[in-house]
Amino acid sequence: MSVRALSWWQPWASFVAVGLKTIETRGRLTHVRGRFAVHAAARKYIDALADLLAKSGVNPREWGLDEELPLGAIVAVATLEDCVPVDARHSRLIGMQYHESCFGNYSAGRFAWLLRDVVRLKVPIPCRGRQGWFYLPPDAEAELARTGVSMKSA
C-alpha cells in the first residue's frame, strides 16, 4: 500500500491529532496531496507545550491532551488538501482561529499546508520517523491497517 508519513516534533504532532492544528506551515512547497500518517518524532521541542498553550489560551484537557505526549509513534491520519503561500487570500487562512495562528510560522515566503479529515489513533503506533516525507515500514503500515482507519481520501 505504501503509506506516506510526515513527522512533527511534539507538541505539534498531538496538536494535529486532536484538531488544534489544521494548517502546517513550512518553508517549502509540497505537491503531495491525499491521506498520510501523522508521526510524532522521537524528539520533542523543549518546553514548547506550556508556552504555546499559554500564548494560545488553549486548555489541554478540553482537547484530550495528556501531559505525556507520545514520541516516536504514528498518532493520527490526515488528508493534505492543498498547499498555498501563507500570504494567499485563502478562506482557511483568512478565517483561522487565533490558537491556530499561534501554532505556525506565518512569515512571508512560507507555505500553508492545509489539513482536513484528521483521525486520532486511540493507541499510537511505534515507528521510527524520518525528515521530510517518508513511507511507513511494513510492520507499522500493517499495524495502521489493523486500526481500521481509512487511508482513502473522502
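The values are calculated or read from the model by the stated rules, or taken from the named source; none is laboratory data. All of these numbers come straight from a predicted model, not from anything done at the bench. Methodologically, a virtual Cβ is constructed for each residue, glycine included, from the backbone with ideal geometry; neighbour enumeration extends over all protein chains shown.
Do we find that Glu81 is of a type outside the set (A, V, I, L, M), without any contact (Cβ under 8 Å) to a residue 60 or more places away in the chain and over 27 Å from Arg146 (Cβ atoms) in this structure?
no
Val123 passes all but one of (1) among the hydrophobic types (A, V, I, L, M, F, W, C); (2) modelled with pLDDT of 90 or more; (3) out of contact with any helix residue (DSSP H, G or I) (no Cβ under 7 Å at 6 or more places or on another chain); (4) crowded, with 16+ Cβ neighbours inside 10 Å; which number fails?
Every condition holds for Val123 apart from (4).
I'd like the full set of residues that are acidic (Asp, Glu) and more than 21 Å from Asp66 (Cα to Cα), limited to the stretch 22-53.
The one that is acidic (Asp, Glu) and more than 21 Å from Asp66 (Cα to Cα): Glu24.
Condition first: hydrophobic (A, V, I, L, M, F, W, C), in contact with a strand residue (DSSP E or B) (Cβ under 6 Å, 6 or more places away or on another chain) and over 17 Å from Trp9 (Cβ atoms). Now tell me which residues in the stretch 125-143 satisfy that.
As a first pass, look at the stretch 125-143 and keep what is hydrophobic (A, V, I, L, M, F, W, C): 125, 127, 133-134, 136, 140, 142.
So of that shortlist, the ones also in contact with a strand residue (DSSP E or B) (Cβ under 6 Å, 6 or more places away or on another chain) come out as 125, 127, 133-134, 136, 140.
Passing the criteria: Ile125, Leu136, Ala140.
From the set of residues in the stretch 1-12 that are over 9 Å from the mean Cα position of the chain (by Cα) and not hydrophobic (A, V, I, L, M, F, W, C), which is surrounded by the fewest Cβ atoms within 10 Å (Cβ to Cβ)? I'd like the intermediate steps shown before the answer.
Just the residues of the stretch 1-12 that are over 9 Å from the mean Cα position of the chain (by Cα), to begin with: 1-5, 9-11.
Filter once more, keeping what is not hydrophobic (A, V, I, L, M, F, W, C): 2, 4, 10-11.
Details: Ser2: 7, Arg4: 15, Gln10: 21, Pro11: 23.
Looking at the filtered set, the residue picked out is Ser2.
Mind checking whether some residue in the stretch 44-51 is out of contact with any Phe, Trp or Tyr (no Cβ under 7 Å at 6 or more places or on another chain) and modelled with pLDDT of 90 or more?
Taking every residue of the stretch 44-51 in turn, none turns out to be out of contact with any Phe, Trp or Tyr (no Cβ under 7 Å at 6 or more places or on another chain) and modelled with pLDDT of 90 or more.
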